[in-house]
Amino acid sequence: MAAAGSSRCWSSFKENIYILILVADALLADQTDEYLKREHSLSKPYGGVGTSSSSLWDIQGNAIVTPQYIRLTPDMQSKQGAIWNRVPCYLRDWELQVNFKIHGQGKKNLVGDGLAVWYTKDRMQTGPVFGSKDNFLGLGVFVDTYPNEEKTQESQKKRYTPGMQRVFPYISAMVNNGSLTYDHSRDGRPTELGGCTAVVRNLNHDTILVIRYVKRRLTILIDIDGKQEWRDCIDIPGVRLPRGYFFGASSVTGDLSDNHDILSLKLYQLTVERTLSEDQADKEVFIPSVDNMKLPGLDIPEEPMSGFTLFLIIFFSLVGLVFASVIGVIMYNKWQDKSRKRFY
């Protein structure tokens, strides 16, 4: 009996140890992935993406899902594809890491058109801006592989303004409040916040784009040289993006084409300390904007007058009207008196 009891105790002890190990593993896993937001992330093998009602991601157009990548567009003419997160993002500070690949048979600048990474209110809407809608609300980051402006200026036998020429492929960013139109003929130059050259085609190593949004500051970094080193691309303060928008990626091909592949999208929540004054100043944003940069349609409406102010305006208007009426009556009576004297 003692042996049986001892055996049961030993078995129970082993079960408890096993449970403790599982709990420890779970805690370690949670600690490791503490800031990775899985509901906004996408990685291999992309189980159920675009096909399951329980999936967190939708695909659109000619996009296809394989075990190794999500191909937004194949290396064929006139194709459009996109992938969109179904879950709106309400994080205050975040970082999106985009592992992508652009490759095809074309050479030099005879390829097109590139891809876009979005944080926007307008999901699953096709359009002319790298396969998504124009006049969008939010942020667009564009990896542009075809220099439309260069070809346009060559056809018109014009030259670039000195110091303004860009080398493609080119990464740029745009914040839109719904009133701006992306200018394809100039590769988005009139509305871009900044940009950098990024040779990303037909590389055998990973090409990664990082979009970081911290304390109203938009920073874009790239790792395209296979050295695991980040290179600065764009750094813009005063960018105000509403919460509750959607992440996505889209692409389009025209007469020229490329394979545009998304390998992973990983969103991280960033923990940022704020002073009391920073926290008070960091109010909720409802319309995308950029400090010190006037966007059409962003005129701030005048504050409505208070009830007391309105009362004073009406009161003094009435007083002025009565005063003017009295003066008018007095002047009229004097005029009549003068008329009678002349008559007699």
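The values are calculated or read from the model by the stated rules, or taken from the named source; none is laboratory data. This is a predicted model, so every value here is computed, not measured. Reconstructed Cβ throughout: ideal geometry from the backbone, glycine too, with neighbour counts over all protein chains shown. Note: areas computed on protein heavy atoms with side chains; ligands, DNA, RNA excluded. Shrake-Rupley method; radii C 1.70, N 1.55, O 1.52, S 1.80 Å.
When THR253 is evaluated against the numbered criteria (1) β-branched (Val, Ile, Thr); (2) at pLDDT 90 or above; (3) open to solvent by 80 Å² or more (accessible area, probe 1.4 Å), which criterion, by number, is the only one it fails?
Every condition holds for THR253 apart from (3).
If we only count strands (runs of 3 or more DSSP E) wholly inside segment 199-250, which ones have 2 or more residues that are among the charged types (D, E, K, R)?
Because the criterion is at least 2 residues that are among the charged types (D, E, K, R), the strands (runs of 3 or more DSSP E) in segment 199-250 that meet it are 217-223, 231-236.
Pairs only if they're at least six apart or on different chains, beta carbon under 7 angstrom, first in segment 35-48 and in contact (Cβ under 8 Å) with a residue 60 or more places away in the chain and assigned to a strand (DSSP E or B), second surrounded by 12 or more Cβ atoms within 10 Å (Cβ to Cβ) and among the small types (Gly, Ala, Ser); list them, first residue then second.
LEU42/SER264
Looking only at residues that are open to solvent by less than 10 Å² (accessible area, probe 1.4 Å), part of a strand (DSSP E or B) and small (Gly, Ala, Ser) in segment 78-127, which one is farthest from VAL272 (Cα to Cα)?
Looking at the filtered set, the residue picked out is GLY81.
For segment 257-278, enumerate the residues that are open to solvent by 70 Å² or more (accessible area, probe 1.4 Å) and either of a type in the set (A, V, I, L, M, F, W, C) or not in a strand (DSSP E or B) (or both).
THR271, GLU273, THR275, LEU276, SER277, GLU278
Going by the conditions given, is GLY188 loosely packed, with under 13 Cβ neighbours inside 10 Å and on the phi > 0 side of the Ramachandran plot?
Judged against the criteria, GLY188 is not a match.
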